[in-house]
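Heads up: the structure comes next, in structure tokens.
The values are calculated or read from the model by the stated rules, or taken from the named source; none is laboratory data. For clarity, every value in this text was computed on a predicted model and none was experimentally measured. As a convention, Cβ positions derive from the backbone with ideal geometry for all residues, glycine included, and neighbour counts pool all protein chains shown. Side chains are part of the model used for accessible areas, which takes the heavy atoms of the whole protein and leaves out ligands, DNA and RNA. Shrake-Rupley method; radii C 1.70, N 1.55, O 1.52, S 1.80 Å.
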Amino acid sequence: MKTVTVVGARPQFVKAALVSEALRQVGIEELVVHTGQHYDDNMSAVFFSQLRMAPPALNLEVGSGPHGHQTGVMMSRLEPVIAERKPDWVLVYGDTNSTLAGALVAAKLHIPVAHVEAGLRSFNRAMPEEINRIVTDVLAASLLCPTQTAVDHLSREGITAGVHLVGDVMLDLLLAALPEASRGRVLADLDVAPGRYYLATIHRAENTDDPERLHRLMEALEQAPLPVIFPVHPRTRTTLQSSGWTPCAENRLRLIDPVGYLEMVQLEANAHAVLTDSGGVQKEAFFLGRPCVTLRHETEWVETLEGGWNVLAGSDPERILAALGRQPEGEARRDAFGDGHAASAIASILARGA
Ligand code: UD1
Ligand code: UDP
């Protein structure tokens, strides 16, 4: 049995890491195609080396651009690869333009699509990711859901065939990587003490395309009561630079380049709290039992809201600072995301052609 796996953006390298390993173990031959959506070393290569993944067999080098252009170029470069390889499955992850391109090309070539992280919904169609998820789920033959909530969303949309509740591959990886991440030096390198800093990430279009909104978020980070470590996504750096944002004179906000996965996990695990608009970072904070303030008005990961472990605060500095001051209740119950064996469940499902 053969798959073509399409990845292209940072979270997809993280999601694919253990699935590739699990596919190998059940004897499925995988051809990993990188669309080239993310290309800086610290957005791409670092994940392959840290997570000990084989380099992609092919990089389509599509690069950045508007949605239609980027997705279109991906499709035209993917089509001959998938047509020639004739895999049993095309495997796609999450909700990026690389996901959409892989799903559309495969479906038109009549090759079954397997979608890891199927069934997620924000119910906000202004997000490009929501469009990508909906279309991919409609086309997929195997819908590999991380949570029961995701299964329920699909069922309400009339999608019940090929739906499997497998758990979250990001939990698998976090559990596997934690011992190595804990031995890292990133806290010492940044000169911060455990529990004495916040960790922030921002990259969503809704937060970065409007400079005023991004400046409000920066204001909140500058006013936080502890130093904030902020690995800046290239998209966000571009808006900060082009909009003439300047830090206020006395602030403890530390803008750094994007970090590798192991450093990120160590920073998350030791943060007093996390502020983010990232889907993956919200979950990782929850898995690690760290409070999270989400810089959006909705989340796909509603399980993380329980007990106040994750609070939706949007972009208003007052709301964000108030949310930072809250204490979560009870335990962060990560069992809603499976038992850490999602990758092998996915491999078994694909191996039996389900
Ligand atoms: C993409 C995904 C988003 C995901 C995010 C993860 C879509 C529509 N969006 O958003 O769902 O959460 O990845 O990080 O697919 N850039 C660089 N170097 C790089 C990559 C990007 O400089 O290696 C800059 C370019 O200016 C580019 C911008 O970042 O135009 C945005 O990149 P793009 O991949 O289009 O979208 P993301 O915001 O990264
Ligand atoms: N991440 C990382 N370094 C960073 C920021 C994020 O390794 O500087 C990891 C993070 O730990 C998670 C994944 O990238 O595993 C999430 O990707 P991102 O936030 O870019 O995308 P999203 O999850 O929002 O789609």
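Under 18 Å from the 7 Å Cα→Cβ point of Arg125, by amide nitrogen: which residues of segment 131-153?
So the set is 131-139, 153.
What percent do you get for the relative contact order of segment 178-336 when only Cα pairs under 8 Å and 6+ apart count? Each step should come with its number before you reach the end.
Working: 267 pairs, mean separation 38.8, N = 159.
Rounded, it is 24 percent for segment 178-336.
What figure in square angstrom, to the nearest 10, would you give for the accessible area of Thr238 with a 1.4 Å probe?
Solvent-accessible area, nearest 10 Å²: 80 Å².
So what is the accessible area of segment 178-336 per residue, in Å², with the probe set to 1.4 Å? Walk me through the numbers on the way to the answer.
Details: 6910 Å² over 159 residues.
Result: 43 Å² per residue.
Excluding ligands, DNA and RNA, what is the solvent-accessible area per residue of segment 75-176 at a probe of 1.4 Å, expressed in Å²?
Here the residues of segment 75-176 average 36 Å² of exposed surface.
Residues with amide H under 5 Å of Val293's amide H, sequence separation 5 or more or different chain, H placed in the peptide plane at 1.01 Å from N; which?
Counting only residues 5 or more places away or on other chains, the set is Val274, Leu275, Thr276, Val311.
In sequence order, what are the phi-derived ³J(HN,Hα) couplings for segment 302-314 according to the Karplus relation 6.51 cos²θ - 1.76 cosθ + 1.60 with θ = phi - 60°, rounded to whole Hz, with x for glycine and proline?
Those phi angles translate into 5, 4, 6, 6, 4, x, x, 5, 10, 10, 7, 10, x Hz.
Over what distance in Å are the Cα centres of segment 280-337 and segment 29-88 separated?
Here the answer is 32 Å between Cα centres.
For the chain, what class follows from the C-alpha gyration tensor (a ≥ b ≥ c being the square roots of its eigenvalues): rounded when a/c is under 1.5, otherwise prolate if a/b is larger than b/c, else oblate? All intermediate terms of the calculation are to be shown ahead of the outcome.
Values: a/c = 1.66, a/b = 1.52, b/c = 1.09.
The shape class here is prolate.
Share of segment 178-336's accessible area from carbon and sulfur, percent, 1.4 Å?
47
Cα axis of helix 97-108 to longest principal axis of the chain: angle in degrees, 0 to 90, nearest 10?
Between helix and principal axis, roughly 10 degrees.
Going by the alpha-carbon gyration tensor, a ≥ b ≥ c the square roots of its eigenvalues, is segment 196-337 rounded (a/c under 1.5) or, if a/c is not under 1.5, prolate (a/b greater than b/c) versus oblate?
Prolate, because a/c is 1.5 or more and a/b exceeds b/c.
Quick one: among Gly338, Gly162, Gly65, which has the greatest mean-square fluctuation in a GNM of the chain with alpha-carbon springs under 10 angstrom?
Gly65
Just going by the charge dipole of the chain, with Lys and Arg at +1 and Asp and Glu at -1 on Cβ, which of Ala141, Phe47, Asn97 is farthest out on the positive end?
Highest projection toward the positive end goes to Ala141.
Once each part is reduced to its C-alpha centroid, what is the distance from segment 109-124 to segment 1-20 in angstrom?
Their Cα centres are 14 Å away from one another.
Eight or more residues apart or on different chains, and alpha-carbon atoms under 22 Å: count the Lys pairs in the chain matching that.
5
Whole-Hz Karplus ³J(HN,Hα) for segment 71-87, in order, using 6.51 cos²θ - 1.76 cosθ + 1.60 and θ = phi - 60°, x for Gly and Pro?
So the J values, rounded to whole Hz, are 5, x, 5, 4, 4, 5, 7, 6, 3, x, 5, 6, 4, 6, 6, 6, x.
What 222 nm value per residue comes from the helices of the chain, counting each DSSP H run with n ≥ 4 as -39,500 (n - 2.57) and dividing by all residues, nearest 500 deg cm²/dmol?
Helix-only estimate at 222 nm: -13000 deg cm²/dmol.
Which whole-Hz ³J(HN,Hα) couplings does segment 157-164 yield from phi under the Karplus relation 6.51 cos²θ - 1.76 cosθ + 1.60, θ = phi - 60°, glycine and proline marked x?
8, x, 9, 10, 7, x, 8, 10
Would you please give the FRET efficiency between Arg52 and Thr246, computed as 1/(1 + (r/R0)^6) with r the Cβ-Cβ distance and R0 = 30 Å, to the nearest 0.05?
Values: r = 41 Å, r/R0 = 1.36.
According to the calculation, E is roughly 0.15.
Given the protein chains as shown and a 1.4 Å probe, how many square angstrom of Tyr39 are accessible, to the nearest 10?
Spelled out: Tyr39, probe radius 1.4 Å, area about 130 Å².
Taking amide H positions as placed in the peptide plane 1.01 Å from N, state which residues far from Val163 in sequence (5 or more) or on other chains have amide H under 5 Å from it.
Leu143
Take the eigenvalues of the Cα gyration tensor for segment 262-322, scale each by 5, and report the square roots as semi-axes in whole Å, largest first.
In descending order, the three semi-axes are 18, 13, 10 Å.
Can you compute the modelled spin-label distance between Asp152 and Ile256, with each label point 7 Å from Cα toward Cβ, in nm?
Placing both labels 7 Å along Cα→Cβ, they lie 3.8 nm apart.
Please compute, over every Cα-Cα pair in segment 210-268, the percentage with a separation greater than 15 angstrom.
Tail of P(r) above 15 Å: 53 percent of Cα pairs.
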